[in-house]
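For reference, the structure is listed below as structure tokens.
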Amino acid sequence: MPIRALCTICSDFFDHSRDVAAIHCGHTFHLQCLIQWFETAPSRTCPQCRIQVGRRTIINKLFFDLAQEEESVLDAEFLKNELDNTRAQLSQKEKEKRDSQAIIDTLRDTLEERNATVESLQKALDNAEMLCSTLKKQMKYLEQQQDESKQAQEEARRLRSKMKTMERIELLLQSQRPEVEEMIRDMGVGQSAVEQLAVYCVSLKKEYENLKEARKASGELADRLKKDLFSSKSKLQTVYTELDQTKLELKSAQKDLQSADKEIVSLKKKLTMLQETLNLPPVDSETVNRLVLESPAPVEMLSLKLRRPAFGEDIDLNATFDVDTPPSQPSSIHHSRAKKFSQEIAHSPVQDIPKKMPKGPKQESQLSLGGQRCVGEPDEELASAFPVFIRNAVLGQKQPKRAKAEPCRSTDAVRTGFDGLGGRTKFIQPTDTTMIRPLPVKPKPKTKQRAGMRRALPASQAKLDTFLW
């Protein structure tokens, strides 16, 4: 229960919960409030009367004897003190709360700032680490470049010294004696000069040996080239000789070819004349037989047929080199064949066939030999080479009359075949080939000049004989 007095320092009533102190001036205060006053005041004075107070003059604790009252009765001052204390505590708590909230807000702001600072510092740290790694790489590269630069400088220094030595050696090799003596004097005297002179001597010796080897190799090369030149000249002379021989052979072959062409043309003209002669009526059978026997065509070519060439290629039969003149045969062979023909003609029914003289205008001369047909006029130069009876038969002169035989019906047939000159024609083919066989007549000997003009064809060239069988 409070006393009806209050402390002027804290304005609270005195109660039994706190001690009450007094000073020698008689004023009373709470002991705790008075001690705090003395500690905060500039001088020890009474808070109420302002007199000087010493520590020994303070009465630390006063005791009050109060009358006994009923406990149920509440004192208004006590309640007021409690209310004031509660309000003060509440206001203190609110103030502490506000201060704490302000501190919390400040701490939050500080935390956000610190977080932002931490993030920025983290980014800066990452950038710094990247920069540090880049700088380390650059430093490593620069160190490598520095090492290479040092090596290059060392190599350049070594090459300079080597170049200087080479220049001096070149001066020794190419300059005259005064310049060399001047260079040796410039080298000075000492161990290095002696070593340099030794190097020069060794270099000169090596150069001398190299020159000797080069001279020897050049001599060997010159000898070999001379031998090659002599061999080439001999080969060239041989080639020139072979070329001249080949030219001569070529000229001879050209002459042979021209002669063969002329012979072929002549034989073609003769063949034309023979074809025209063979087209005569049966009354001239003796002349026909004689002409067939004197013809250059072989006797075996009585029944001719066409077949494909042996090489399987298309060959122009109109070419001059395709016509091959048959080789000359001995007279004994002609005599045997003539005897054979005589025996066949003796038993042949050709003698019983009536012969009639041709009447009317002159017709085109045809040849039914192997399916060939030729139309032409007699050549004057060629006609002069034949006997008179052949010229008379070709020119259509009047033939001697013969006794008429018994009439016989002709069994000849008209055929179409290859003419041997690159075209096709119609010809008359008799059913009995023995009717046109010639009489045996002794052949005339062949001239040696004509046999010598013949030349063998290459094996790869097809002949006209291969088309007939």
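Coordinate-derived values only; no laboratory data. Because the structure is predicted, anything quoted here is derived from the model rather than measured. Here Cβ is always computed from backbone atoms with ideal geometry, including for glycine, and neighbour counts include all displayed protein chains.
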If we count every other residue with Cβ under 12 angstrom of R157's Cβ, Lys/Arg +1 and Asp/Glu -1, where does the sum land? +3
Using a Förster distance of 60 angstrom, determine the FRET efficiency expected from the C-beta separation of T8 and A124, and round it to 0.05. 0.45
Let's test the formula: R0 of 51 Å, r as the Cβ-Cβ distance of K140 and V194. What FRET efficiency results, to the nearest 0.05? 0.65
How would you rank 48-54, 7-13, highest first, on the average number of other Cβ atoms within 10 Å across their residues? 7-13, 48-54
Plugging the Cβ-Cβ distance of A156 and S234 into 1/(1 + (r/R0)^6) at R0 = 41 Å yields, to the nearest 0.05, a FRET efficiency of 0.10
Please give the length that would be gained between V265 and L83 if that part of the chain were fully extended, namely 0.36 nm times their separation in residues minus their C-alpha to C-alpha distance (nm, one decimal). 48.7 nm
Between beta-carbons, use under 12 Å as the cut-off and find the net charge around E209, counting Lys and Arg +1, Asp and Glu -1. +3
Two-site label geometry, L90 and T246: point separation in nm, points 7 Å out along Cα→Cβ: 14.3
Past the 22 Å Cα-Cα mark, which pairs from K206/K226; K164/K205; K233/K255? K206/K226; K233/K255
Can you give the net charge of the other residues whose Cβ lies under 11 Å from the Cβ of E249, counting K and R as +1 and D and E as -1? 0
With θ taken as phi - 60° and the coefficients 6.51, -1.76 and 1.60, list the Karplus ³J(HN,Hα) couplings across the stretch 162-174 in order, rounded to whole Hz; mark glycine and proline as x. 5, 5, 5, 5, 5, 4, 5, 5, 4, 5, 5, 7, 10
